[in-house]
Each structure stands twice: as C-alpha cells, then as structure tokens.
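Have a look at the structure below before the remarks.
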Amino acid sequence: MNAVLRTEAANESFRRLETFPLACQLHEIVFEMAVDQIATPERMGGWIESASTEREPSKYFGPISTEEVASILFGTAANQEQREQAAILLRNRFVEEHIKEIRQVAANQGRT
C-alpha cells in the first residue's frame, strides 16, 4: 500500500513541474496579495499582447515564447495539464517582469 502511495506522489510531483508557491508565512501571504493586486486581467492581457516573442526556458515546455504559452492556454488543441502548466508559467513570467512593483505594493501592505 505504501508503495502505491509513493508512486502516486512521485507522479504528481513530476506532473506539476511548474507550481505556485504555497503561502505559509505572513510575508509570503502579503506577497501573494500584492501579486493579485498587480496581475489584473487587464494588465495581464496587455502584457501578453506586448510580450517578447523570444523563447525563454520552461521546465515543462522547454524553450517557449510567452506568445506560444498564451496560445496553449487559450487555444483548443492543448489538454488540461498543458493548460494548467501554461497558466502557471504565464503567471510566473508576469511576476518576474513586474517584481519591483509587486514588492513595492507588498511593502506598503506590510506597513498597514
């Protein structure tokens, strides 16, 4: 029975190569709240439209451009796992590009 559980856990961790961090401490929760404030649908849409077409590394897809990731997420050819990974990757890339603004918002939230 334990072998089955370990196998399932191993498959799940492989399946989720790109993952969201689980907020556990106050500063992590504040950071995620700041991301939510900055990553609005309007801003994400504008960012995707203007994103570079240069391929960047990805654990799940390999080298892939943001435009290609968006087409996987919003297209009809991808399966559920591919769409999940595309959503996670787009979010992570958005956060990387807007990290200074997110940190500023988080710092302001931490003061209140």
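The values are calculated or read from the model by the stated rules, or taken from the named source; none is laboratory data. Since the model is a prediction, treat every value here as computed from it, not as a measurement. A quick note on method: Cβ atoms are made from the backbone with ideal geometry, for glycine too, and the neighbour counts reach across all protein chains shown. The accessibility values were calculated without ligands, DNA or RNA, using every heavy atom of the protein model including side chains. Shrake-Rupley method; radii C 1.70, N 1.55, O 1.52, S 1.80 Å.
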By residue number, the members of region 55-81 that are surrounded by 14 or more Cβ atoms within 10 Å (Cβ to Cβ) and within 13 Å of the chain's Cα centre (by Cα) are Ser58, Tyr60, Thr66, Val69, Ala70, Leu73
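Hey, among Glu49, Glu67, which residue is part of a helix (DSSP H, G or I) and free of Cβ contacts under 8 Å to residues at least 12 places away in the same chain?
Working: Glu67 fails: free of Cβ contacts under 8 Å to residues at least 12 places away in the same chain.
Matching residue, one of Glu49, Glu67: Glu49.
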Taking region 88-103 and the residues there that are free of Cβ contacts under 8 Å to residues at least 60 places away in the same chain and open to solvent by 40 Å² or more (accessible area, probe 1.4 Å), the one that is farthest from the chain's Cα centre (by Cα) would be Lys100
(Q) Quick check on Glu42: is it more than 14 Å from the chain's Cα centre (by Cα), outside any loop (DSSP other than H, G, I, E, B) and over 16 Å from Ile99 (Cβ atoms)? (A) yes
